[in-house]
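Input: a single structure, listed below in structure tokens.
Values in this text are rule-based calculations from the coordinates and carry no lab data. From a predicted model like this one, the values you see are computed outputs, not experimental measurements. Virtual Cβ from ideal backbone geometry, glycine too; neighbours counted across all protein chains shown.
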Amino acid sequence: MKLKIISGNANIELARRITQKLGIELSEATVGRFSDGEVQVKIIDNVRGADCYIIQSTSSPVNENLMELLIIADALRRASAARITAVVPYYGYARQDRKAEPRVPITARLVADLFATAGITRVLTMDLHAGQIQGFFDIPVDHLYGRPVLLNYFKEKKLNDVVVVSPDAGGVERARSFAKHFNADLAIIDKRRPRPNEASIMNIIGEIKNKTCIILDDLVDTAGTLTKVADTIKAKGAVRVFAAASHGVLSGIAKQRIQASAIEELVITDSIPFSKAGPTQKIVVLSIASILSEAILRISNDESISALFL
């Protein structure tokens, strides 16, 4: 079966890195706009009977990128593609995964339904905000992690007396796994969030004094919580403070907050395109192209990808 990689406008550079790893060319397609703003898609290559992979994070602008993904999938389905896999390194709307209060939607489930309706037959994603989102899909989901890339980076730095810090109780499993592979201790931040995008640090569970701390999260959005955690553990005696996350959303004044904080380095991946605008001296971007290209190759060859679930 022919392997075809198609990219929307969200992750073109990542798509090129993936095709370079696979040793193939990016399939020719037009993804633009009509004069009234509607998404215009035309698949130039012949994809009849092909195994197609759409590289597209549903990051900002979320609705634009989501519609591109759905319309590309519909175009491939109508062009008789045999299989259509959505490679979505960052899954937008993942934080709307439950009814936290009355009369609100579960948008993460709605988006999952839209994927299937558009003709997508499999989803390949990375570091979902909530792992149970996999259960929202009625099609197969392969859930990878950016952890190996982040681990290798920090192991090469040869840090001493490392403690991995979870910025909240919900991220403990993620931080514990990272600490286990790093052979490091674990600390947990107990916080209360009075309003959206605000966090009050209440307590540090674990020993961080005279330690090198790595704050680990799945994503960094406004960086409000992250920088408060960093400044707090630094004030409590941490010698050095690093931060790591698979997804660098970095909205609003996130970069300015990071620059002014106690964080020495924030390490993210290219699951979302990184903008050079604003202060970026403390931000390191690592590529996940190797992980995604290996997963695509194994899926295409009907091989197991469980070895990549590190």
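Below 23 Å, Cα to Cα, which lysines can Lys21 reach? Residues fewer than 8 away in the same chain don't count. List returned: Lys2, Lys4.
For the range 112-234, what does the alpha-carbon gyration tensor say about shape, rounded, prolate or oblate, given a ≥ b ≥ c as the root eigenvalues, a/c under 1.5 as rounded, and a/b over b/c as prolate? Before the final figure, lay out each step's value.
Working: a/c = 2.78, a/b = 1.59, b/c = 1.75.
Oblate, because a/c is 1.5 or more while a/b does not exceed b/c.
Within the straight-line cut-off of under 19 Å between alpha carbons, the lysines reachable from Lys236 are Lys191, Lys209, Lys211, Lys228, sequence neighbours fewer than 8 places apart in one chain being disregarded. Considering only Leu69, Leu266, Leu250, the Gaussian network model of the chain with Cα springs below 10 Å gives its largest mean-square fluctuation to Leu250.
Please compute the Kirkwood hydrodynamic radius of the range 166-275 from all pairs of different C-alpha atoms, in Å with one decimal.
Every distinct Cα pair counted, the radius reaches 14.0 Å.
Semi-axes of the equivalent ellipsoid of the range 8-116 are 26, 15, 14 Å, computed as sqrt(5λ) over the eigenvalues of the C-alpha gyration tensor in descending order. Residues whose amide H falls under 5 Å from that of Glu265, counting only those 5 or more places apart or on a different chain, are Ala243, with hydrogens built in the peptide plane.
Quick check: Cα centre of the range 85-125 to Cα centre of the range 205-266, how many Å? Going from one Cα centre to the other spans 28 Å. Relative contact order for the range 90-191: 20 percent, from Cα pairs under 8 Å spaced at least 6 residues apart, divided by residue count. Share of pairwise Cα-Cα distances greater than 18 Å in the range 50-100 is 37 percent (whole percent). The residues packed around Ala79, meaning those with a beta-carbon under 14 Å from its beta-carbon, carry a net charge of +3 if Lys and Arg are +1 and Asp and Glu are -1.
Considering Cα pairs under 8 angstrom that are at least six residues apart, work out the relative contact order of the chain and quote it in whole percent.
The normalised contact order for the chain reaches 14 percent.
Once the Cα atoms are used to define both axes, helix 289-300 deviates from the longest principal axis of the chain by about 40 degrees.
Once the gyration tensor of the Cα atoms in the range 106-176 is diagonalised, the equivalent ellipsoid follows with semi-axes of 32, 15, 7 Å, ordered largest first. Taking Lys and Arg as +1 and Asp and Glu as -1, the other residues whose beta-carbon sits under 11 Å from that of Ile43 total +2.
Between Rg and the Kirkwood Rh of the chain, both from Cα atoms, what is the Rg to Rh ratio? Intermediate results must be reported in sequence, preceding the final value.
Details: Rg = 20.0 Å, Rh = 20.3 Å.
Here Rg/Rh amounts to 0.99.
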